[in-house]
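Asker: Pasting in a structure now, in structure tokens, and then I'll have a few things to ask.
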Amino acid sequence: MSLNKELNKTPKMAKSSWKRDFKMNWRIYLLVLPVIIYYFIFNYLPMGGLIMAFEHFTPVKGFFGSKWVGFDNFIQFFSAPNFTQILRNTFVISLLGLLISFPMSIVFALLLNEIYNTFFKKAVQVISYMPYFISTVVICGLVIDFVSSNGVITNLLVKLGMERQNMMLNPDFFWGINLLSDLWQGLGYGSIIFIAAISSVSQEQYEAAAIDGAGRLKRAWHVTLPGIMPTIITMLILRCGLIMTVGFDKILLLYNPSIYSTADVIATNVQRMGLEKAQYGYSAAVGLFNSLVGTTLLLVSNGISRKYAEHSVL
Amino acid sequence: MVEKVSFSRVVFNILNYGFMILLCIVCIAPLWHVMMASVSDPRELMSSSGLLYKPLGHITFKGYQLVLKNPNIITGYINTLFYVASTTILGIILTIIAGFVISRDNLKLKTPISVMILFTMMFGGGLIPTYMVIKALGMVNTSSAVIIPGVINAFYIFMMKSSFEQLPASYEESAKLDGAGPLTIMIKILLPLIKSTIAVVIMFNIVMQWNSWFPASIYLAGRRDLWPLQLFMREILVQNDTGKILSGSDAQSKADFATNLVKYCATVVATLPILCVYPFAQKYFVKGVTIGGVKG
């Protein structure tokens, strides 16, 4: 093996070392071939297929025969009457999650850390992680049922003075309904990573802080929180990279035409335009715009955190 | 370490325990409501307005009889079990292979392959181009369209890779001296050592597949006989189409009041298996989440 490494270092031998590599590792390459083929077909061919975003695509004419229209699809999207609306909805729904669900998972982990009864703590964990394992379809079914005109939540709000209505048909409620159901499903599960991070903060630091006279709150603030900061930043970067996807399958199940004004996001728009209205080129362009923004957000947040917090995921 | 218990600490503890108990109630209440509603008297259920903590009226299993006799639910169950089994087996094999290969340090193509996989985590073709490729391959309206695309998850490959890398090299060296090839080394020596990572990937895949509905909804639109359970659930719960499940000689007249009952029973039938398995598999989910993310 060391001989092989030395051979790699000399540029003159480059060709023969490739040969050597294949001779030595052909079985491994044969083994991984299905994976490479898989990635080529199901990930890289669709990337090549993005060419349709610049075409007036029709399935009959295919990727190569369809009419080339340049940036027309993009221009059509940017000048569409609902462009600002779906862009706003995408960001609002994502940022509500980022600014509310995300910090609440951290707070929940910190609070759970203050519980010393092991059995009680374990029970809370099992119960609070549970909603995460229920399918999106069932969750959305429950939500629709609970906020219907005679639903459990509607009845509660009517008692508090709301006018009786099917809340799923009122655009004013959608952001709240979506956020609260996300919170119900994801709060416990989202905290797992922070609970694990807290348990790896060194006990010595706590003891030192206690000797210095720091109370529980001070220890949580000055020891625990800095201790889990790298994890928080990592998760934050990953969340930033997902801003444009916004759990769109859930929205797809929940929304209906009467609340498009607050519920329609870019990803649901792509699905509707592409698969229901057969505007292939246009929706591919919208999808491309969406993933470019998403990738940019991920790279930018990663760059910022690398520069200022000296942590990055990539 | 002995500590003085201050007054404020006591107040905090009471509030904290109170909050946790409240949170647990909020997590369980909707599910409990559904379970109780599923065995309630349908007429009383129609006129009830709050969360149920016990069944209304006489306990009845009529709803379950309707649901469990229903051909859609049975078809959905069988299809889902088939999709779960096939994606799990195929997925775990490919994930292990990919993770194993990119954990080798004497491969010239190690970096190109890693980058090829990593890049797909950041950027992809998106819904429509992917659909067109799968359509061009003739996979639309066949079960392969929900099994094969998405059977590999890049995140799990990197999880597998780091598990392989954490194994001491000495295991492998001695096997190499005995003349074992890479495949033998992987299967006989390394796999038993990363059992828990394999379990994590399998568990995540089972839950994900059980709950998956979106790929099937776009690729299997024309083939109800291939639908997974979740698509029938969508029909019942979201599109509110209990008519299809109730249609038949005996049920039509009962449809008015049985609708809700069927909804709740179907929810229980579709959700209970996962909720029964989950507490036993919880440690794997916790492990899976923490492998990738904890730093520092």
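Each reported figure results from applying straightforward, stated rules to the coordinates on display, with no laboratory input. What you see is a predicted model, and the numbers here were worked out from it, not measured in a lab. Cβ atoms come from the backbone with ideal geometry, glycine included; neighbour counts cover every protein chain shown.
Asker: Mind checking the full-extension length gain between A:Ser199 and A:Leu292? Use 0.36 nm per residue of separation minus the Cα-Cα distance, one decimal, nm.
Answerer: 29.8 nm
Asker: In square nanometres, what is one fourth of the surface area of the convex hull spanned by the alpha carbons of region B:80-212?
Answerer: 9.3
Asker: Taking 0.36 nm per intervening residue step and subtracting the Cα-Cα distance, what contour gain separates A:Val107 from A:Ala123 on full extension?
Answerer: 4.0 nm
Asker: What percent of all Cα-Cα pairs in the protein assembly as shown falls in each 10 Å bin, counting up from 0?
Answerer: 3, 13, 23, 26, 20, 11, 4, 1, 0
Asker: For the residue pair A:Ala210 and B:Thr142, what label-to-label distance in nm results when each label sits 7 Å from Cα along the Cα-to-beta-carbon direction?
Answerer: The two pseudo-label positions are separated by 6.5 nm.
Asker: Report the relative contact order of region A:211-314, percent, no decimals, based on alpha-carbon pairs under 8 angstrom and at least 6 residues apart.
Answerer: 33
Asker: A further question follows. Once you place label points 7 Å from the Cα toward the Cβ at A:Trp18 and B:Arg224, how far apart are they in nm?
Answerer: Reported label-point gap for A:Trp18 and B:Arg224 is 5.7 nm.
Asker: Could you tell me which of the pairs B:Lys62/B:Lys287; A:Lys159/A:Lys218; A:Lys122/A:Lys218 are separated by over 30 angstrom between their Cα atoms in the structure shown?
Answerer: B:Lys62/B:Lys287; A:Lys159/A:Lys218
Asker: With springs connecting C-alpha atoms under 10 Å apart, model chain B as a Gaussian network and identify which of B:Ile189, B:Ile21, B:Ile73 has the largest mean-square fluctuation.
Answerer: B:Ile21
Asker: Further question: Report the dimensions of region A:215-256 along its three principal axes from the alpha-carbon atoms, largest first, rounded to Å.
Answerer: Answer, in whole Å and largest first: 51, 19, 8 Å.
Asker: If each DSSP helix of 4+ residues adds -39,500 (n - 2.57) and the sum is divided by the residues in chain B, what number results at 222 nm, nearest 500 deg cm²/dmol?
Answerer: It comes out at -21500 deg cm²/dmol, rounded to the nearest 500.
Asker: Now a separate question. In µm²/s, what is D for region A:100-208 at 20 °C and 1.002 mPa s, where D = kT/(6 pi eta Rh) by Stokes-Einstein and Rh is the Kirkwood radius from Cα pairs?
Answerer: Using the Kirkwood radius from Cα pairs, D works out to 133 µm²/s.
Asker: Here is a further query. Just rank B:Leu237, B:Leu275, fewest to most, by other beta-carbon atoms within 10 angstrom.
Answerer: B:Leu275, B:Leu237
Asker: Let me ask something else. Please arrange A:Phe173, A:Phe78 by how many other C-beta atoms lie within 10 Å of their C-beta, fewest to most.
Answerer: Taking fewest neighbouring Cβ atoms as first place, the list is A:Phe78, A:Phe173.
Asker: Another one. What shape does chain B take by its C-alpha gyration tensor, where a ≥ b ≥ c are the square roots of the eigenvalues and a/c under 1.5 counts as rounded, a/b above b/c as prolate, and the rest as oblate?
Answerer: Taking the square roots of the gyration eigenvalues as a ≥ b ≥ c, chain B is oblate.
Asker: Can I ask one more? Where the centroid of each part is defined by its Cα atoms, how far is region B:142-211 from region A:265-310 in Å?
Answerer: 31
Asker: Under a plain spin-label model, where a point goes 7 Å from the Cα along Cα-to-Cβ, how far apart in nm are B:Ile187 and B:Arg9?
Answerer: Simple spin-label model gives 5.9 nm for this pair.
Asker: Can you work out the FRET efficiency for the pair A:Lys159 and A:Phe40, with r the C-beta to C-beta distance and R0 = 60 Å, to the nearest 0.05?
Answerer: Between A:Lys159 and A:Phe40 the formula returns 0.55.
Asker: Listing A:Trp18, B:Trp210, A:Trp26 from the residue with the fewest other Cβ atoms within 10 Å to the one with the most, what is the order?
Answerer: So the ranking, lowest neighbour count to highest, is A:Trp26, A:Trp18, B:Trp210.
Asker: Right, something else. Pairs A:Lys23/B:Lys110; A:Lys19/B:Lys161; B:Lys110/B:Lys176; A:Lys61/B:Lys135; B:Lys69/B:Lys263: which exceed 18 Å Cα-Cα?
Answerer: A:Lys19/B:Lys161; B:Lys110/B:Lys176
Asker: Still on this structure, please answer the following. Just to verify a number: FRET efficiency for B:Thr60 and B:Gln239, C-beta to C-beta distance, R0 = 25 Å, to 0.05?
Answerer: The formula returns an efficiency of 0.45 here.
Asker: Volume per residue, Å³, of the convex hull around the alpha-carbon atoms of chain A?
Answerer: Per residue, the Cα convex hull of chain A comes to 252 Å³.
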